[in-house]
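Worksheet: one structure, shown below.
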Amino acid sequence: MSIHFVIKESSYQASLYFYTFPLPIIILIILVLSIFKKKRRYHLLLAGVLLLVWLGRSFRIHITEDIKETDIEVVFWNATHERNFEDAFNTNKGIPDVLALVEHGKFQVTEFQKKYPDYNFYRSIRGISIFSKTALKIINETTSKYKSNFINFETQGLNFYVFDVSASMDVPRKWELKFVNTLIQETNNTVILGDFNVPYESMYLDTIKTNFNHAFTEKGNGFRETWFWNIPLLSIDHIWVSKDLEILKTEKIATFKSDHSMMKTFVRK
């Protein structure tokens with residue numbers, strides 16, 4: 001518990017425990033241990049307190065605003081190597097204004113361009129693909145030494161950053177989040193999308209939190225955690241919105257098409 005609440009990722013070894021044992025797992029371990037203890041009431045009390053802490057910081061209830069046609073629907077999804085744009089549209093139950101896919105399946109963008117000639121598609125060789133109802137302008141795309149991928153583009157009058165951070169346990173997240181923070185140059189009129197492979201509680205997200213609001217924390221309902229297989233263990237998929245933009249509504253869409261939930265938010269300029 002000291003690692004989870006205090007030490008966090010202050011060392012590489014501590015970070016491994018921090019990511020492996022999120023609060024729901026710690027609660028489960030305490031409950032299992034209580035079975036073998038005679039004075040289990042203390043374990044049950046501790047588990048109850050931790051459950052309240054987890055619910056207090058992860059479970060959200062918000063009254064959302066009405067969505068107008070001029071508001072921008074933004075969707076992010078880690079598609080887990082097998083899905084494509086059509087799967088994303090179906091999971092979202094509609095075509096959003098902007099969609100970013102990472103770790104998706106094999107497909108030809110030209111096929112979707114023929115099917116949806118009035119819309120815009122872009123596929124990066126680094127496993128990130130972008131869709132927009134309006135023109136896309138790709139500003140920058142790169143990858144880190146340890147295979148974290150990045151695209152910066154403009155559409156819908158907004159600046160977008162998309163990240164897919166390396167999930168390798170051999171690579172310290174400190175290195176990869178430094179890569180992320182270095183690439184974020186704009187802090188206004190900007191939306192950040194990505195699988196950061198670190199939870200919301202990570203100390204490496206503090207720089208982003210300074211200039212951006214977390215879309216689900218601000219206007220989501222339910223558990224914030226997006227992984228895995230609809231079990232709320234870790235909130236590693238994020239949408240961050242610059243503080244000059246208004247977040248109207250955020251949804252976490254549960255699906256068994258991927259081990260990651262889909263994230264959707266509505267933004268007003």
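Have a look at T226, T187 and point out the one that is of a type in the set (S, T, Y) and under 12 Å from the mean Cα position of the chain (by Cα).
After ruling out the rest, the residue left standing is T226.
Quick one: count up the residues across segment 62-89 that are of a type in the set (V, I, T), open to solvent by 30 Å² or more (accessible area, probe 1.4 Å) and more than 20 Å from F228 (Cα to Cα). Steps first, answer last, please.
Of segment 62-89, the ones of a type in the set (V, I, T) are 63-64, 67, 70, 72, 74-75, 80.
From what is left, the residues that are open to solvent by 30 Å² or more (accessible area, probe 1.4 Å) are 63-64, 67, 70, 80.
Then keep just the ones that are more than 20 Å from F228 (Cα to Cα); that gives 63-64, 67, 70.
So the answer is 4.
Given the options F59, F21, name the one that is touching a residue at least 24 places away in the same chain (Cβ under 8 Å), under 23 Å from W227 (Cα atoms), of a type outside the set (V, I, T) and surrounded by 13 or more Cβ atoms within 10 Å (Cβ to Cβ).
F59
Starting from residues that are acidic (D, E) and in contact with a strand residue (DSSP E or B) (Cβ under 6 Å, 6 or more places away or on another chain), keep the ones in segment 219-263 and report whichever is farthest from N92 (Cα to Cα). First the steps, then the outcome.
Taking segment 219-263 first, the residues acidic (D, E) are 225, 237, 244, 246, 251, 259.
Then drop every residue that is not in contact with a strand residue (DSSP E or B) (Cβ under 6 Å, 6 or more places away or on another chain), which leaves 225, 237, 246, 251.
Working: E225: 18, D237: 16, E246: 21, E251: 10 Å.
Looking at residues that are acidic (D, E) and in contact with a strand residue (DSSP E or B) (Cβ under 6 Å, 6 or more places away or on another chain), I get E246.
Across segment 196-214, which residue is farthest from K249 (Cα to Cα) among those that are in contact with a Phe, Trp or Tyr (Cβ under 7 Å, 6 or more places away or on another chain) and touching a residue at least 40 places away in the same chain (Cβ under 8 Å)?
Ranking the qualifying residues of segment 196-214, first place goes to V198.
Is it true that L101 is of a type in the set (A, V, I, L, M), touching a strand residue (DSSP E or B) at 6+ places or on another chain (Cβ under 8 Å) and either open to solvent by less than 80 Å² (accessible area, probe 1.4 Å) or under 30 Å from N149 (Cα atoms) (or both)?
Numbers: of a type in the set (A, V, I, L, M): yes; touching a strand residue (DSSP E or B) at 6+ places or on another chain (Cβ under 8 Å): yes; either open to solvent by less than 80 Å² (accessible area, probe 1.4 Å) or under 30 Å from N149 (Cα atoms) (or both): yes.
In short, yes.
Which of the residues belonging to segment 213-269 are within 16 Å of L193 (Cα to Cα) and in a loop (DSSP other than H, G, I, E, B)?
G220, R224, E225, T226, S235, I236, K243, L245, S261
Tell me whether segment 41-50 contains one or more residues that are at pLDDT below 95, at negative phi, assigned to a loop (DSSP other than H, G, I, E, B) and open to solvent by 20 Å² or more (accessible area, probe 1.4 Å).
no
Restricting the search to segment 55-113, which residues are touching a helix residue (DSSP H, G or I) at 6+ places or on another chain (Cβ under 9 Å) and in a helix (DSSP H, G or I)?
R57, S58, F85, E86, V109, F112
In the list D195, D170, D237, which residue meets the criterion of being among the acidic types (D, E) and more than 19 Å from V102 (Cβ to Cβ)?
On the way: D195 fails: more than 19 Å from V102 (Cβ to Cβ); D237 fails: more than 19 Å from V102 (Cβ to Cβ).
None of the other options fit; the residue is D170.
Got at least one residue in segment 213-224 being under 22 Å from T20 (Cα atoms) and touching a His at 6+ places or on another chain (Cβ under 9 Å)?
The first filter runs over segment 213-224 and keeps only residues under 22 Å from T20 (Cα atoms), leaving 223-224.
With the extra rule that they be touching a His at 6+ places or on another chain (Cβ under 9 Å), the set shrinks to 224.
Yes: one or more hits.
Within segment 123-149, how many residues are in a loop (DSSP other than H, G, I, E, B), of a type outside the set (F, W, Y) and either open to solvent by 40 Å² or more (accessible area, probe 1.4 Å) or more than 20 Å from V180 (Cβ to Cβ) (or both)? Talk me through it step by step, then tell me what you get.
Keep residues of segment 123-149 that are in a loop (DSSP other than H, G, I, E, B), which gives 124-127, 133-136, 144-148.
Those left that are additionally of a type outside the set (F, W, Y): 124-127, 133-136, 144-145, 147-148.
From what is left, the residues that are either open to solvent by 40 Å² or more (accessible area, probe 1.4 Å) or more than 20 Å from V180 (Cβ to Cβ) (or both) are 125-126, 133-136, 145, 147.
Residues that pass the stated criteria total 8.
Which of the residues belonging to segment 24-35 are under 14 Å from L50 (Cα atoms) and open to solvent by less than 40 Å² (accessible area, probe 1.4 Å)? Walk me through it before giving the result.
As a first pass, look at segment 24-35 and keep what is under 14 Å from L50 (Cα atoms): 24-31.
Result: P24, I26, I27, I30.
The values are calculated or read from the model by the stated rules, or taken from the named source; none is laboratory data. Computed from a predicted structure; not experimentally measured. As a convention, Cβ positions derive from the backbone with ideal geometry for all residues, glycine included, and neighbour counts pool all protein chains shown. To get the accessible areas, we keep the full protein, side chains included, count just its heavy atoms, and leave off ligands, DNA and RNA. Shrake-Rupley method; radii C 1.70, N 1.55, O 1.52, S 1.80 Å.
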